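Heads up: the structure comes next, in structure tokens.
The values are calculated or read from the model by the stated rules, or taken from the named source; none is laboratory data. Quantities reported herein were computed from a predicted structural model and do not represent experimental measurements. Counting neighbours? That spans all protein chains shown, and the Cβs are built from the backbone with ideal geometry, glycine included. In case anyone asks, the SASA skips ligands and DNA or RNA and just uses the protein heavy atoms, side chains included. Shrake-Rupley method; radii C 1.70, N 1.55, O 1.52, S 1.80 Å.
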Amino acid sequence: MIVTEYELRANWHKTKDKLIILPQGSVITPSARDFIRSKGIDVQIEGNGLQDIHRNTFSNYSQSIDRGNRPKSVQDPDALQGPQTQIKTNSNSNTPPGVKPEHMTHLRTGALVTKTHPVIAYRGQLDLFQCELVEAQGFFLQAGEEELILKLEEISALCRELMVSEVKQEPFQWATLMGLTPEELRERSHHPKKYFGIDHTPLSYSHGPIVAKLHHLRAKSREVELYANRAFTDETGACSRTDLIQALNRLSSAFYILACQVRSRKTQELNEKRVPLGTSNRHIHLSQVDLEALFGKNYALTVQKELSQPGQFAAQETVTIVGPKGSLEKVRVLGPVRKNTQVEISVTDCFKLGIKPVIRDSGQHEGTPGLQIAGPVGKVDLKAGVMVASRHIHLHSNDAKEWSLKDGDRVCVKVESQRPMVYE
């Protein structure tokens, strides 16, 4: 029962009694206490006898929990208040009667406590934690971590529910966080090697700023859990809000899981086989015999530009290729010379020339069409060797050995771009 000055005045003016008997557990507000003093009223609380209400110190029962019995359930309002606190007021203060002192605040409606009350401190830490979650979301936005932003939004919603549950003195109930039950969160945070391929290791700058930020949030969630324990656990170890404590503990597990997921992803990226992506315009490789037929006896190609493949180059020389329906001029010659002449063009080029597009690996000329090649001094009628080149990768022999690949192996290549895709 909350005893206010308004209620006292209304009842006292009817009876003018000099003794008021209140039920056990009654809370007397400071303004009501001032009214009692001014009228010289004695106060008796059932079970506690006559109260020395005229001294400068009083005990607020709403700030204590039952220490003589087992912990009360979360449905018991008296069990939600935290450890006992003695509130001291100064009878010489300038606070007018009926006005809440600045050093006090409402724990619940009508229940005044000092601002140092452990439940008030817990609420402040939970507020601060939610601020840090929003700051972290801004940090992750700059880093392009959209998935982490959504995960933190889910955690923020849970924290808001934690606050509401405590203020309204309602049991806190939750099923999953990030799609994981409380038991699954604990299991994954305890066995990161099993679930993420990551060992328990000390935090390091080498893990990157994203992981560091997640560990900061983890540490902050554990601090909020510490304040909750101070607010709801007495000196005997009895806790009145184990539901809140458990949820905060699993928050710590959630942040550790997120950090392990990011570390696992980064490790996989480092281990990915990466090759440069290149596009090739139509071009031609010439044999020495065909080169001399097109450009003259003992002719040698002139290097225009080195290619990424060692020893390969684009030559200054170009030729014209002629098909049944059309021709393509200034087709670049690539060097050095090869054993057999080979023309590599696109499917569209085949349609323009009037020949059937055939996809082949380099050097596989069987079943490919031919065409006529025209150079400055002569022409060559190519019987076969015109192809649409298969997608292929050029690898150094050391890379092939490290990746356990050999010539002719088939792989999938994922292209990372604004239009990502996988080439089979």
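Check segment 185-199 and report whether any residue there is charged (D, E, K, R), surrounded by fewer than 12 Cβ atoms within 10 Å (Cβ to Cβ), in the same structural domain as R241 (by the TED database) and in contact with a Lys or Arg (Cβ under 6 Å, 6 or more places away or on another chain). Step through it out loud before you land on a result.
Applying the first criterion (charged (D, E, K, R)) to segment 185-199 yields 186-188, 193-194, 199.
Right, trim to surrounded by fewer than 12 Cβ atoms within 10 Å (Cβ to Cβ) and you get 193-194, 199.
Then drop every residue that is not in the same structural domain as R241 (by the TED database), which leaves 193-194, 199.
Filter once more, keeping what is in contact with a Lys or Arg (Cβ under 6 Å, 6 or more places away or on another chain): 199.
Yes: one or more hits.
What residue, among those in segment 126-136 that are open to solvent by 30 Å² or more (accessible area, probe 1.4 Å) and touching a helix residue (DSSP H, G or I) at 6+ places or on another chain (Cβ under 7 Å), is nearest to R160 (Cα to Cα)?
Kept after step one, since they are open to solvent by 30 Å² or more (accessible area, probe 1.4 Å), are these residues of segment 126-136: 127-128, 130-132, 134-135.
Filter once more, keeping what is touching a helix residue (DSSP H, G or I) at 6+ places or on another chain (Cβ under 7 Å): 130, 132.
Numbers: Q130: 8, E132: 14 Å.
Only one residue tops the list, namely Q130.
Could you list, in sequence order, all residues of segment 100-125 that are open to solvent by less than 40 Å² (accessible area, probe 1.4 Å) and in a strand (DSSP E or B)? Working first, answer last.
So in segment 100-125, the residues open to solvent by less than 40 Å² (accessible area, probe 1.4 Å) come out as 101, 104-105, 107-108, 110-114, 117-125.
Within segment 100-125, M104, T105, L107, R108, A111, L112, V113, T114 qualify.
Filter segment 375-385 down to residues that are open to solvent by less than 100 Å² (accessible area, probe 1.4 Å) and touching a Gly at 6+ places or on another chain (Cβ under 6 Å) and give me whichever is nearest to E424 (Cα to Cα).
It comes out as A384.
Would you say F172 is over 17 Å from A219 (Cα atoms), open to solvent by less than 70 Å² (accessible area, probe 1.4 Å) and among the aromatic types (F, W, Y)? Outline the logic, then answer.
Values: over 17 Å from A219 (Cα atoms): yes; open to solvent by less than 70 Å² (accessible area, probe 1.4 Å): yes; among the aromatic types (F, W, Y): yes.
Considered against the rule, which asks whether it is over 17 Å from A219 (Cα atoms), open to solvent by less than 70 Å² (accessible area, probe 1.4 Å) and among the aromatic types (F, W, Y), F172 comes out as yes.
Go through H285, H200 for me and flag whichever is free of Cβ contacts under 8 Å to residues at least 40 places away in the same chain, more than 15 Å from the chain's Cα centre (by Cα) and outside any helix (DSSP H, G or I).
Numbers: H285 fails: free of Cβ contacts under 8 Å to residues at least 40 places away in the same chain.
After applying the criteria, what remains is H200.
Sort out which residues of segment 312-326 are in contact with a strand residue (DSSP E or B) (Cβ under 6 Å, 6 or more places away or on another chain) and either under 16 Å from T279 (Cα atoms) or open to solvent by 10 Å² or more (accessible area, probe 1.4 Å) (or both), and write them in order of number.
Of segment 312-326, the ones in contact with a strand residue (DSSP E or B) (Cβ under 6 Å, 6 or more places away or on another chain) are 313-323.
Answer for segment 312-326, where residues must be in contact with a strand residue (DSSP E or B) (Cβ under 6 Å, 6 or more places away or on another chain) and either under 16 Å from T279 (Cα atoms) or open to solvent by 10 Å² or more (accessible area, probe 1.4 Å) (or both): F313, A314, Q316, E317, T318, T320, V322, G323.
Look through E344, E317 and report the one residue that is touching a Phe, Trp or Tyr at 6+ places or on another chain (Cβ under 8 Å), on the phi < 0 side of the Ramachandran plot and charged (D, E, K, R).
Numbers: E344 fails: touching a Phe, Trp or Tyr at 6+ places or on another chain (Cβ under 8 Å).
Every option except E317 fails the conditions.
For Q261, state whether it is outside any loop (DSSP other than H, G, I, E, B) and more than 40 Å from the chain's Cα centre (by Cα).
Details: outside any loop (DSSP other than H, G, I, E, B): yes; more than 40 Å from the chain's Cα centre (by Cα): no.
So Q261 fails the test.
Scan segment 232-239 and give yes if some residue there is under 21 Å from R160 (Cβ atoms), of a type in the set (S, T, Y) and outside the structural domain of V322 (by the TED database), otherwise no. Let's see the steps before the verdict.
First pass over segment 232-239, keeping only residues under 21 Å from R160 (Cβ atoms): 232.
Retained after the next criterion (residues that are of a type in the set (S, T, Y)): none.
No - not one qualifying residue is present in segment 232-239.
Consider V211 against the criteria (1) closer than 20 Å to A121 by Cβ; (2) in contact (Cβ under 8 Å) with a residue 40 or more places away in the chain: it satisfies all of them except one. Which criterion is unmet?
(1)
Can you say whether L307 is over 23 Å from K383 (Cα atoms), out of contact with any Ser or Thr (no Cβ under 7 Å at 6 or more places or on another chain) and surrounded by 12 or more Cβ atoms within 10 Å (Cβ to Cβ), as far as the supplied structure shows?
Details: over 23 Å from K383 (Cα atoms): yes; out of contact with any Ser or Thr (no Cβ under 7 Å at 6 or more places or on another chain): yes; surrounded by 12 or more Cβ atoms within 10 Å (Cβ to Cβ): yes.
Criteria met by L307.
The rows are residues; the columns are (1) in contact with a Lys or Arg (Cβ under 8 Å, 6 or more places away or on another chain); (2) closer than 15 Å to S221 by Cβ; (3) touching a residue at least 60 places away in the same chain (Cβ under 8 Å); (4) not small (G, A, S).
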residue	(1), (2), (3), (4)
F139	yes, no, yes, yes
A143	no, no, yes, no
L150	no, no, no, yes
A157	no, yes, no, no
L162	no, yes, yes, yes
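Within segment 305-328, can you find the residues that are within 25 Å of L395 (Cβ to Cβ), in contact with an Asp or Glu (Cβ under 9 Å, 6 or more places away or on another chain) and in a strand (DSSP E or B)?
So in segment 305-328, the residues within 25 Å of L395 (Cβ to Cβ) come out as 305-315.
From what's left, in contact with an Asp or Glu (Cβ under 9 Å, 6 or more places away or on another chain): 312-314.
Result: F313, A314.
Could you tell me which of the residues V347, V380 is in contact with a Pro (Cβ under 7 Å, 6 or more places away or on another chain) and not polar (S, T, N, Q)?
Exactly one of V347, V380 is in contact with a Pro (Cβ under 7 Å, 6 or more places away or on another chain) and not polar (S, T, N, Q), namely V347.
Can you tell me which of V262, V275, V224 is buried (at least 22 other Cβ atoms within 10 Å of the Cβ) and over 30 Å from A384 (Cα atoms)?
Numbers: V262 fails: buried (at least 22 other Cβ atoms within 10 Å of the Cβ); V275 fails: buried (at least 22 other Cβ atoms within 10 Å of the Cβ).
It is V224.
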